[in-house]
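The values are calculated or read from the model by the stated rules, or taken from the named source; none is laboratory data. Fair warning: this is a prediction, and the values are worked out from it, not measured in the lab. All Cβ positions, glycine included, derive from the backbone under ideal geometry; neighbour counts span all protein chains shown.
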Amino acid sequence: MSQGEHIYLDYAATTPVDPEVAAAMAACLTAEGSFANPASIHGPGRAARALVERARAEVAAAVGAPAESVVFTSGATESNNLALKGFMRAHRKRGQHLITCKTEHKSVLDSAKALEREGCKVTWLTPGRDGRLDPAAVAAALRDDTVLVALMLVNNELGVVQPIAEVAALAHARGALLHVDAVQGLGKLPVALDALGADSISLSAHKCYGPKGIGALVVRRAPGVVLEAQMHGGGHERGLRSGTLATHQIVGFGAAARLAAARVAAESARLAAIRARLEQRLARIAGVHINCPAALSVPNIVSVSVEGVHGESLLADLDRFALSTGSACSAASPEPSYVLRALGLDDLTAAATLRISMGRGTDAQQIDDLADAVAATVARLRDLAPAA
Ligand code: PMP
């Protein structure tokens, strides 16, 4: 897919809404459609409610969970806040210890920091150079008062898939719960609540061809898996998340989740082949390093660091590709990515890092164009300022 002049390779940041999803959403907005409040008891309200419940079943089915386990939220940022604060606050009497990893999404890290300020003890684990967390590090960090382990399924910058099932077994053996941010996993690899062994998982529709502003926290229905609501009001979503349900968003999420689950096998195989081609081409360029090998990663995310060139010049040259970099621009100064730093990359290399994230609109030609452009720009930059 191209976006104007750009070749779009930033699907991990967000995806376009699938036309089938957009059509389903549009049917919930106007007077002719299911616009009524799904909490209303009259006929139009019940019709909207039926759509919401169908979408709930679709989201649940995409992760092999019962429909009642799905709590709709405004997105995964909210889901992660609800899981971390909700579990820690509900289990305060049992303990105050939380374990997480330095490369989690900011919505997990900053929720953990907020909990630290209210007295929780947080253990921040460091992954290996490839981004994978060693389950032994979790085993060593678990304590009798550990309430929760929060670990993502797929890292958004690196693509690395974490050993969730092993961590779940370790956490449960010590009486701790496991929350998994599975945002970058849905539609990229099979995601199943039971197979992961997770007590809760966060999902976000806009990462899998659904709309922005809608997500879910899927919470295992089992004794002891209780969390405290963070949003109070009308008691929607079994009291866990008050607020009028956004029928169009939820219906869009349901359709997107259904399509993602139906297409995951074929789409992942297609992208794995394109990724292999990209890696082969990049391997021909001296000083190019793939941060997480394909064997440990989802097929659609490739993190590439280029040695001996300036990040800014590299990016300026690759301007016609819409992709993410190893810097997160904060106000005036671009900060090197904390994820790359946690892997041990120095600031210069982190700045000269590209995150190429592929999706349904990506084809081999686009990837060949990118690989050629990277080769050309690296050669040009090294000619200008040969590495000492
Ligand atoms: N977790 C991960 C791994 C993500 O990539 C993102 C989106 N960048 C989020 C959480 C937050 O999701 P949302 O945009 O739905 O708040």
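Within segment 274-285, restricting attention to residues that are farther than 15 Å from ILE301 by Cβ and touching a residue at least 12 places away in the same chain (Cβ under 8 Å), the residue that is surrounded by the fewest Cβ atoms within 10 Å (Cβ to Cβ) is ARG284. Looking only at residues in segment 49-82 that are surrounded by fewer than 17 Cβ atoms within 10 Å (Cβ to Cβ) and farther than 23 Å from ALA195 by Cβ, which one is farthest from the ligand (Cβ to nearest atom)? Ranking the qualifying residues of segment 49-82, first place goes to ALA50.
State yes or no: is LEU109 in contact with a Lys or Arg (Cβ under 8 Å, 6 or more places away or on another chain), surrounded by 16 or more Cβ atoms within 10 Å (Cβ to Cβ) and part of a helix (DSSP H, G or I)? It is true that LEU109 is in contact with a Lys or Arg (Cβ under 8 Å, 6 or more places away or on another chain), surrounded by 16 or more Cβ atoms within 10 Å (Cβ to Cβ) and part of a helix (DSSP H, G or I). Exactly one residue out of LEU151, LEU177 is surrounded by 24 or more Cβ atoms within 10 Å (Cβ to Cβ), farther than 13 Å from ALA76 by Cβ and touching a Phe, Trp or Tyr at 6+ places or on another chain (Cβ under 9 Å), and it is LEU177.
Between residues in segment 1-30 that are outside any loop (DSSP other than H, G, I, E, B) and residues that are away from the ligand (no atom under 16 Å from the Cβ) and among the acidic types (Asp, Glu), which pairs lie under 7 Å by C-beta distance while being six or more apart or on different chains? The qualifying pairs are ILE7/ASP369. Checking each residue in segment 83-126 for being of a type outside the set (A, V, I, L, M, F, W, C) and either within 16 Å of the ligand (Cβ to nearest atom) or under 30 Å from VAL251 (Cα atoms) (or both) picks out LYS85, GLY86, THR100, LYS102, THR103, GLU104, HIS105, LYS106, SER107, ASP110, SER111, LYS113. Restricted to segment 208-238, and to residues there that are more than 15 Å from ASN80 (Cα to Cα) and within 16 Å of the ligand (Cβ to nearest atom), the residue that is nearest to the chain's Cα centre (by Cα) is CYS208. Apart from one condition, THR103 fits all of (1) touching a Gly at 6+ places or on another chain (Cβ under 7 Å); (2) outside any loop (DSSP other than H, G, I, E, B); (3) of a type in the set (Val, Ile, Thr); the exception is (2).
Does any residue of segment 304-325 turn out to be of a type in the set (Phe, Trp, Tyr), part of a helix (DSSP H, G or I) and surrounded by fewer than 22 Cβ atoms within 10 Å (Cβ to Cβ)?
no
Could you please find all residues in segment 129-142 being out of contact with any helix residue (DSSP H, G or I) (no Cβ under 8 Å at 6 or more places or on another chain) and either surrounded by 14 or more Cβ atoms within 10 Å (Cβ to Cβ) or modelled with pLDDT under 95 (or both)?
The first filter runs over segment 129-142 and keeps only residues out of contact with any helix residue (DSSP H, G or I) (no Cβ under 8 Å at 6 or more places or on another chain), leaving 129, 134, 136-137, 140-141.
Hits for segment 129-142 are ASP134, ALA137, ALA141.
Of the helices (runs of 4 or more DSSP H) entirely within segment 335-386, those holding at least 3 residues that are within 30 Å of LEU259 (Cβ to Cβ) occupy 364-384.
For ASP372, the conditions (1) modelled with pLDDT of 85 or more; (2) buried (at least 22 other Cβ atoms within 10 Å of the Cβ) all hold with the exception of (2).
Are any residues in segment 57-82 under 21 Å from PRO190 (Cβ atoms), part of a helix (DSSP H, G or I) and more than 15 Å from the chain's Cα centre (by Cα), and if so, which ones?
The initial filter retains those residues of segment 57-82 that are under 21 Å from PRO190 (Cβ atoms), namely 57-67, 69-70, 76, 79.
Cutting the leftovers down to part of a helix (DSSP H, G or I) gives us 57-62, 67, 69, 76, 79.
Selection gives ALA57, GLU58, VAL59, ALA60, ALA61, ALA62, ALA67, SER69.
Check segment 33-48 and report whether any residue there is outside any loop (DSSP other than H, G, I, E, B) and either in contact with a strand residue (DSSP E or B) (Cβ under 9 Å, 6 or more places away or on another chain) or buried (at least 20 other Cβ atoms within 10 Å of the Cβ) (or both). For segment 33-48, residues outside any loop (DSSP other than H, G, I, E, B) and either in contact with a strand residue (DSSP E or B) (Cβ under 9 Å, 6 or more places away or on another chain) or buried (at least 20 other Cβ atoms within 10 Å of the Cβ) (or both): present.
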